[in-house]
Amino acid sequence: MKIVIAVLASVLLTVGAIIGLSFAGINVGGMFSGDSSEQQKVEIIKDAPQNFDLNTPTVEVPLHGMLIPITFSKRQSLLLLDLYLYTPESNEAELKTHIPKIKNQILKVFSLKPAEYFRDEMFILNLQDDLDYMFKKEKQWRVKEVLVTKAVYQ
């Protein structure tokens, strides 16, 4: 059964990668048929977004031991989170001053989630995606990436 799941997962990842590359404008047909030309490679580089900078150094700002109370009718549960926020070096001091506001925003967002959210087998992935979305929406904090290192729901 594990082998079937592993094979199915790898097939899904491969298909997802091919679809993602084709949406990005990369001709994946040339990868398999051997007909790729130098001209296609140059076009891909020309079409790359100009505002994406790989050389921008980032620093990590830790948020450890966040305890979020989650109330379902008469029962209260707790979510313990450890996160790292990645931001440009020039924004580190500014981000650290906003830690209380960031914690409050996380508290407001996740304390209202239904019980099924925390019991889902994809909980960690969903949590990371929701945090990424939250920080992309809150542009003033300039968080480029969120890394969840601990998420304990009890």
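Points to keep in mind about this one:
- Under 29 Å from Lys113, Cα to Cα: lysines that are on another chain or at least 8 residues apart: Lys74, Lys96, Lys101, Lys103, Lys136, Lys137, Lys139, Lys144, Lys150
- Ordered by the count of other Cβ atoms within 10 Å of each Cβ, fewest first, Arg75, Arg142 give Arg75, Arg142.
- Label zone at Thr149 (point 7 Å along Cα-to-Cβ), backbone N below 20 Å, the stretch 56-79: 57-68, 79
- Exposure proxy ranking for His64, His98, based on other Cβ atoms within 10 angstrom of each Cβ and starting from the fewest, stands as His64, His98.
- All-pairs Cα distance distribution in the stretch 58-153, expressed in whole percent, bin size 5 Å: 3, 13, 25, 26, 17, 10, 5, 2, 0, 0
- From most to least packed by mean Cβ count within 10 Å, the peptides 126-134, 6-14, 108-116 give 126-134, 108-116, 6-14.
- Glu92 versus Leu67: modelled label distance in nm, points set 7 Å from Cα along the beta carbon direction: 3.0 nm
- Here Ile19, Ile102 are placed in order of increasing Cβ neighbour count within 10 Å, fewest first, which gives Ile19, Ile102.
Since every read-out is calculated from the coordinates, none of them should be taken as a lab result. In this text the structure is predicted, and so the values were computed from the model without any measurement. Neighbour counts are summed over all protein chains in view; Cβ atoms, including those assigned to glycine, are modelled from backbone coordinates with ideal geometry.
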